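Read through the structure below, which is laid out as structure tokens, and then see the notes.
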Amino acid sequence: MRILVDADACPVKDIIVKVAKEYKLDVLMFMDTSHIIDDGYSKTIIVGKGRDSVDFALVNEAKQGDIVVTQDYGVAAMVLSKGTFAINQNGLIFTNQNIDSLLMQRYVNYKVRESGGRTSNPKKRTHTNNLNFEKSLRRIIEQNFVR
């Protein structure tokens with residue numbers, strides 16, 4: 001049981017490390033060479049710069065039972081198919097029941113932007129987002145790994 005993090009733009013790395021230490025879980029932070037971070041606890045996996053290079057490295061490393069933290073619906077879909085748990089930075093737990101509609105919404109938004117339309121910008125991050133993330137991460141761990 002490990003926590004794998006798509007860490008390039010992840011705003012909750014400190015929360016992940018705090019929770020992982022409490023439960024004695026290994027953390028692997030995946031990032032490219034422009035985002036190197038060392039928190040003293042996590043193992044840092046550095047991949048070359050390139051479109052989706054971090055995503056592919058993370059997906060290749062993910063194993064059944066791991067927890068993956070990512071904002072990317074495509075990454076979430078791929079790791080769910082490997083039997084992992086997946087969660088985003090706001091505490092949304094990705095499941096086989098919700099991933100298809102999330103991918104469809106991403107596609108619809110892409111088509112709107114491609115045709116010159118506008119979609120809403122992401123909302124500014126709040127303290128509540130951090131609380132929701134930590135609560136959801138703890139829920140996954142406690143419901144599935146703490147005996």
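Contact map, the stretch 19-30: residues that are more than 12 Å from PHE145 (Cα to Cα) paired with residues that are part of a loop (DSSP other than H, G, I, E, B) and of a type in the set (A, V, I, L, M), Cβ distance under 7 Å, separation 6+ or inter-chain. Pairs shown: MET29/ALA7; MET29/ILE37; PHE30/ALA7. Residues that are touching a helix residue (DSSP H, G or I) at 6+ places or on another chain (Cβ under 8 Å) and not in a strand (DSSP E or B) within the stretch 19-47 comprise VAL19, TYR23, LEU25, ILE37, ASP39, TYR41, SER42, listed in sequence order. Scanning the stretch 81-103 for residues that are surrounded by fewer than 15 Cβ atoms within 10 Å (Cβ to Cβ) and touching a residue at least 60 places away in the same chain (Cβ under 8 Å) yields a count of 0. Evaluated against (1) modelled with pLDDT under 90; (2) more than 17 Å from GLN143 (Cα to Cα), MET1 falls short on exactly one condition, (2).
So, LYS49, is that one at positive phi, charged (D, E, K, R) and surrounded by fewer than 22 Cβ atoms within 10 Å (Cβ to Cβ) or not? No, not satisfied.
Within the bounds of the stretch 113-129, is there any residue that is surrounded by 12 or more Cβ atoms within 10 Å (Cβ to Cβ) and at pLDDT 90 or above? For the stretch 113-129, residues surrounded by 12 or more Cβ atoms within 10 Å (Cβ to Cβ) and at pLDDT 90 or above: present.
Looking only at the stretch 67-88, residues that are more than 10 Å from the chain's Cα centre (by Cα) and assigned to a loop (DSSP other than H, G, I, E, B) come to 4 in all.
I'm trying to understand the selection: among the residues of the stretch 17-61, which are hydroxyl-bearing (Ser, Thr, Tyr) and at pLDDT 80 or above? Spell out how you get there, then give the answer.
Of all residues in the stretch 17-61, those hydroxyl-bearing (Ser, Thr, Tyr) come to 23, 33-34, 41-42, 44, 53.
Result: TYR23, TYR41, SER42, THR44, SER53.
Of the residues ASP55, ASP32, which is of a type in the set (D, E, K, R), in contact with a Gly (Cβ under 8 Å, 6 or more places away or on another chain), over 18 Å from GLN89 (Cα atoms) and surrounded by 16 or more Cβ atoms within 10 Å (Cβ to Cβ)? On inspection, the qualifying residue turns out to be ASP32.
The values are calculated or read from the model by the stated rules, or taken from the named source; none is laboratory data. It should be emphasised that the depicted structure is a prediction, and the values quoted were computed from it without experimental measurement. Neighbour counts are summed over all protein chains in view; Cβ atoms, including those assigned to glycine, are modelled from backbone coordinates with ideal geometry.
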